[in-house]
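Taking it in order: structure first as structure tokens, then the write-up.
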């Protein structure tokens, strides 16, 4: 098991990455300072049948008394209606300020449960227990929580740091192949924006990672989270450096929203967004054509899409693009690459972005 801390002053917290550590969830929570008592375990209908019983047993052994709250699997659960149902469940369970939330699942569960924890009684403790590749390498760390609006992804949310992150890479063994591969988009992103050597390592080790070898997974998950922790520790609220984590996400989020949440998995949309960003990086960031092609080739080798769908430039797509959180008047602060491993942000007009998409 690998353990390190995300340094955020009073909000600092440990990250644990390893195989089989779900059974230590309760003791890890206690070591992080949570007091035994009432708790709510939030998961989705897919994860419930695989891991909910184990998680409840692990929490119970440490003295917690968990209430189980199950939401429908899928992006549609990041909604105001499902959030309201969680509030109802928490009220019924008499969850108070001393209680804790355990978010067991992928990015949807993590974002939704995190926002519930951030807003219930003006904020209660949460432990993130990611079980998907996307959540383990990216969304569980950083404190971003929220739900979707019908017109834009993650439009409603709050920063709420977890008390601990427990990433059991063995849980990736039950993940459907498509959902496993989408998480590789976020892994590739870290290499693209801050670690060129990671790109070379992925080119070398992608086959072993794809077999879901626990040792290989522990290494790639821990490295990804360490990279993200370094950025978040220096820019918790995304006022500067943290913006580079949005590489591929401007177009990706617009594609997700306009196609209907669930049509594209998050990582699939981000993969397409990174391919667009690579083209824009050639035009406006100085990225060489060879490095751009190398990045797109690696994304494709990971089994991810690299081309915009036909007729993607719909009114809904354009509207979602213009609702990007980084928009400033008629431009958006877009993340592009100067070279592999070095990202910058640059204001780009919507016309420039659309021109790259058309190409």
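Could you look through the stretch 287-333, keep only residues that are modelled with pLDDT under 95, more than 25 Å from the chain's Cα centre (by Cα) and assigned to a loop (DSSP other than H, G, I, E, B), and pick out the one that is nearest to residue 248 (Cα to Cα)?
Checked the stretch 287-333; the qualifying residue nearest to residue 248 (Cα to Cα) is 313.
Looking at (1) modelled with pLDDT of 95 or more; (2) surrounded by 24 or more Cβ atoms within 10 Å (Cβ to Cβ); (3) under 18 Å from the mean Cα position of the chain (by Cα), can you tell me which one residue 148 breaks?
Status for residue 148: all satisfied but (1).
Out of everything in the stretch 293-338 that is under 26 Å from residue 180 (Cα atoms) and free of Cβ contacts under 8 Å to residues at least 24 places away in the same chain, what residue ends up being surrounded by the fewest Cβ atoms within 10 Å (Cβ to Cβ)?
Looking at the filtered set, the residue picked out is 310.
Inside the stretch 175-286, counting only helices (runs of 4 or more DSSP H) that do not spill past its ends, which hold 1 or more residues that are in contact with a helix residue (DSSP H, G or I) (Cβ under 9 Å, 6 or more places away or on another chain) and under 30 Å from residue 311 (Cα atoms)? Talk me through it step by step, then tell me what you get.
Details: elements: 177-194, 196-210, 214-234, 249-259, 266-284.
In the stretch 175-286, 177-194, 249-259, 266-284 are the helices (runs of 4 or more DSSP H) which contain 1 or more residues that are in contact with a helix residue (DSSP H, G or I) (Cβ under 9 Å, 6 or more places away or on another chain) and under 30 Å from residue 311 (Cα atoms).
Considering each residue of the stretch 253-272, count those that are out of contact with any strand residue (DSSP E or B) (no Cβ under 7 Å at 6 or more places or on another chain) and more than 15 Å from residue 187 (Cβ to Cβ), and give that number.
Of all residues in the stretch 253-272, those out of contact with any strand residue (DSSP E or B) (no Cβ under 7 Å at 6 or more places or on another chain) come to 254-255, 258-260, 262-272.
Restricting the remaining residues to those that are more than 15 Å from residue 187 (Cβ to Cβ) gives 254-255, 258-260, 262-264, 269, 272.
Here the count works out to 10.
Exactly one of (1) in contact with a helix residue (DSSP H, G or I) (Cβ under 6 Å, 6 or more places away or on another chain); (2) closer than 27 Å to residue 212 by Cα; (3) in a loop (DSSP other than H, G, I, E, B) is unmet by residue 97. Its number?
Evaluating residue 97 over (1) in contact with a helix residue (DSSP H, G or I) (Cβ under 6 Å, 6 or more places away or on another chain); (2) closer than 27 Å to residue 212 by Cα; (3) in a loop (DSSP other than H, G, I, E, B) leaves (2) as the failure.
The values are calculated or read from the model by the stated rules, or taken from the named source; none is laboratory data. If you're wondering where the values come from, they're calculated on a predicted model, not measured in any experiment. Neighbour counts are summed over all protein chains in view; Cβ atoms, including those assigned to glycine, are modelled from backbone coordinates with ideal geometry.
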